[in-house]
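Contents: one structure, followed by commentary.
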Amino acid sequence: MEFDKILETIHMISDQNLDVRTVTMGISLLDCIDSDSDVACQKIYDKITTKAKNLVKVAEQIEMEYGIPIVNKRVSVTPISLVAGASNDRDYVKYAKTLDKAAQTLGIDFIGGFSALVQKGMTKGDEILIASLPQALTQTNLVCASVNVGSSKSGINMDAVKQMGQVIKDAAELDYMNNAKLVVFCNAVEDNPFMAGGFHGVSEPDIVINVGVSGPGVVKTALEKVKGKPLDEVAETIKQTAFKVTRMGQLVGSIAAKRLGVPFGIVDLSLAPTPAVGDSVAQILEEIGLDQVGTHGTTAALAMLNDAVKKGGIMACSHVGGLSGAFIPVSEDAGMIDAVNAGTLNLAKLEAMTAVCSVGLDMIALPGDVPAETLGAMIADEAAIGMINNKTTAVRVIPVPGKKVGDTVEFGGLLGHAPIMDYTHVSSAAMIQRGGTIPAPIHSFKN
Amino acid sequence: MKAILTVVGQDKVGIVAEVSRFLAEEQINILDISQTILDGYFTMMMAVMVPENSDVKQIATKLAELGQALKVDINLKNEEIYRAMHQL
C-alpha cells in the first residue's frame, strides 16, 4: 500500500481527531419484566452485567491493536417504561438506580434507555416514568433518558409536549446538569448508539453491537484542499472522506461484535463535535465559505454536508443506522460557541438548521426563568419539523437557574461550556395549555 | 497480527538499526520494508508480524519511548485498518 494513504490515516487519527466515538451494546430487557420490581431490577442488573461483561475490555483491546481511540463504551436498553409498567410501583427511580449501578460495575461511560415512547398516547408505565424523570436523573450519574413525543406516522402528542416542558423545568431546579442527560424526540430511532438519546428498540435483537464514528476535523482538513472549487467538488470530497471514516467504523464494529459473540447492528456515521480545537462542525461550514456559522447560507451548507456524509457512509458499511449526519450541539462545538458569543448564531437560525441536519436543538443553555410553556413550544416546533420532514428531531435544552443571557455555564468534559442564549419572550402558553394531539400529516397515509 | 509500522521524522544515522534491533528483541518479524523522503522527512514503512500472544500495549509504549529518543514519530497499527479505509 502507498505511503501517502498510510500517512493519511495516521494524520486523521493523531492530528484531526478521528475516533470511534462509541461502541454501544444494545440489550433487550423484555425478558426481565416482573410484577415484583425488586425481582425485575435484579434481573436487569444481572442481564446487563453478564451480557456486557467484556465490553470495556474488548473495546480497549481493539483500541490498542488498531491504534484507534474508542472514546466511549456504552449500553442502551429497552425503554424502561415498557419493562417497569408490569409492576405496581409509583415511581421508577429504583429502575434508574439499577441501571446506574450496572453501568458503574461495567466501567462504561453511559447507559441509555430510561425512556418512554408516547407519540400516540401514554400507558401507566409511560406516565410514571415521565413523572420520575427529575428525581431519576438527579439520583444517578450515568443514566440517560429520552421521551419520544411525536412521529410522522402518528402526529405529535401535545399533552406529552406540555408535560415535558414542565419536567425540564423541574429537573433544572434540582440540578441543571440533569437536562444534559434528557432528550425529547420526534421520530426517535431504535438503534442510536449516541447519547443521551440512545435506547434499544423493541424490534431489535436480544443483544447487538452498534458503533458511532466521528471526525469533523477530518472533513475540515479534506476541504482545505478544495478551496474556491465549485460546491459539487466540496460535496464529492465530503462523500469520499465520510466513506473512509465509515469503513473504519465498520471494521471496529465487526471486530467488536465477533469478539463479544453478538450480532453487529449498524454504523452511525455522525460528525459529532467536541470542544477540542479542530473537532468542530461549525468550522467545516466556515471552511465551505461562511465567515461565521449562523450567517445566511448556513442552512444550505449544512444541508449539503449532512447529505454528503450519508451518501459517503452508505456504501462503506453493511448497515447504516442511528442518526448518521451532522450534529450541531452548541456547547460541544467551539465554533458554535464563538458564533453565539458574536451574535451571529441565535435560536431561530439553529431551528432552521435542524430542518436539514440529523438532530435538533442540542445542548443549548437558557436562562433559568424560561417558562415551562415556552420550553414546550420549542419542543413542539422541533417535533413539527421532524414530523413533516420524516426525520428525527430532538430537543436537549438546559435552563440554568440563576443565570441570565450573556452568562456562561460550564458542563465539563465532552459536554463543554455554553453561553446562555436568549429566547423569544412572547408567550405561547395558551397554545401549549390546550394539550391534545397535532394529527399526523397527510403524507403519513401511505397504506 | 500483521501490522504496519511507520517511522516519520528528521533523517539521521541509526534509525533503521535502532528500530530493527527493538523489533528483534520483541520477536517481531519484518516482512517487508521500504523508505523514502516525503516533504523532506525520513519516512519508513515496515510490514511486520507481531506474535499472537504479545502485549501490544507494552510494545506500543516502548515504541513511543524509542520514538522520543530518536526524535521521530513511530506508529504501529494492525494493517486491517489501512485496508478497510483505502481498499474496496
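Once you've got the Cα coordinates, tell me which of B:Lys12/B:Lys71; A:Lys57/A:Lys181; B:Lys2/B:Lys77; A:Lys73/A:Lys258; A:Lys181/A:Lys220; A:Lys5/A:Lys244 are over 18 Å apart.
A:Lys57/A:Lys181; A:Lys181/A:Lys220
Per residue, how much accessible area does region A:211-444 have with a 1.4 Å probe, in Å²?
It amounts to 37 Å² per residue over region A:211-444.
Using +1 at the Cβ of each Lys and Arg and -1 at the Cβ of each Asp and Glu in the protein assembly as shown, identify which of A:Met122, B:Val13, A:Ala355 lies farthest towards the dipole's positive end.
The Cα lying farthest towards the positive end belongs to A:Met122.
For A:Gln119, what charge total do you get from the other residues with a beta carbon under 12 Å from its beta carbon, if Lys and Arg give +1 and Asp and Glu give -1?
With Lys, Arg at +1 and Asp, Glu at -1, the net is 0.
Which of rounded, prolate, oblate describes region A:19-186, given a ≥ b ≥ c as roots of the alpha-carbon gyration tensor eigenvalues and a/c under 1.5 marking rounded, otherwise prolate only if a/b is larger than b/c?
The shape class here is prolate.
So for the pair A:Asn346, B:Thr36, with labels modelled 7 Å out along Cα→Cβ, what separation do we get in nm?
About 5.3 nm, to one decimal.
Region A:114-166 to region A:188-223: how many Å between their Cα centroids?
Their Cα centres are 21 Å away from one another.
Could you pull out every one of the aspartates and glutamates with an alpha carbon less than 17 Å from that of A:Lys53, ignoring same-chain neighbours closer than 8 positions?
Of all the aspartates and glutamates, those that pass the test against A:Lys53 - Cα under 17 Å, at least 8 places apart if same chain - are A:Asp100, A:Asp109, A:Asp206.
Using a loss threshold of 30 Å², tell me which positions in region A:64-87 are less accessible in the complex than in their chain alone. Probe radius 1.4 Å, ligands and nucleic acids ignored.
When all protein chains are present, A:Met64, A:Glu65, A:Tyr66 each give up 30 Å² or more of accessible surface.
Under a Cβ-Cβ cut-off of 13 Å, what is the net charge of the residues other than A:Gly321 that fall near it, where Lys and Arg count +1 and Asp and Glu count -1?
My count for the surroundings of A:Gly321 gives -3.
How much mean residue ellipticity at 222 nm does the protein assembly as shown get from its helices, if each DSSP H run of length 4 or more adds -39500 (n - 2.57) and you divide by all residues, to the nearest 500 deg cm²/dmol?
-13500 deg cm²/dmol
From Cα pairs below 8 angstrom and at least 6 apart in sequence, can you work out the relative contact order of region A:19-186, rounded to a whole percent?
Here the relative contact order equals 21 percent.
So for A:Val277, A:Val75, what's the accessible-area order with a 1.4 Å probe, most first?
The residues order as A:Val277, A:Val75, largest area first.
Heavy atoms only, probe 1.4 Å: what % of the accessible area of the protein assembly as shown goes to carbon and sulfur, would you let me know?
52
In whole angstrom, note down how far apart the Cα centers of region A:300-321 and region A:227-275 are.
9
Counting only other residues whose beta carbon sits under 15 Å from that of A:Ile255, what net charge do I get with K and R as +1, D and E as -1?
+3
Checking the cross-link filter: which aspartates and glutamates have an alpha carbon closer than 19 Å to that of A:Lys124, excluding same-chain neighbours under 8 positions apart?
A:Asp34, A:Asp36, A:Asp38, A:Asp89, A:Asp91, A:Asp159
Which helices count as membrane-span-like in chain A under these terms: full DSSP H, at least 18 Å along the axis by C-alpha, Kyte-Doolittle mean of -1.0 or more?
Length and hydropathy pass: A:37-51, A:93-106, A:124-138, A:158-174, A:231-260, A:298-314, A:372-389.
Determine the residues within region A:1-22 where the difference in accessible area between the chain on its own and the full set of protein chains amounts to at least 40 Å²; count protein heavy atoms only and use a 1.4 Å probe.
A:Met1, A:Phe3, A:Ile6, A:Leu7, A:Thr9, A:Ile10
Give the accessible surface of chain B per residue, rounded to a whole number of Å², with probe radius 1.4 Å and ligands, DNA and RNA excluded.
I get 55 Å² per residue for this part.
Quote the relative contact order of chain A in percent (integer), defining contacts as alpha-carbon pairs under 8 Å separated by 6+ residues.
17
The values are calculated or read from the model by the stated rules, or taken from the named source; none is laboratory data. Small disclaimer: the values here were computed from a predicted structure and weren't measured. Here the Cβ is made from the backbone with ideal geometry for all residues, glycine too, and neighbour counts use every protein chain on show. When the accessible area is computed, the model is the full protein with side chains, heavy atoms only, and any ligands, DNA or RNA have been set aside. Shrake-Rupley method; radii C 1.70, N 1.55, O 1.52, S 1.80 Å.
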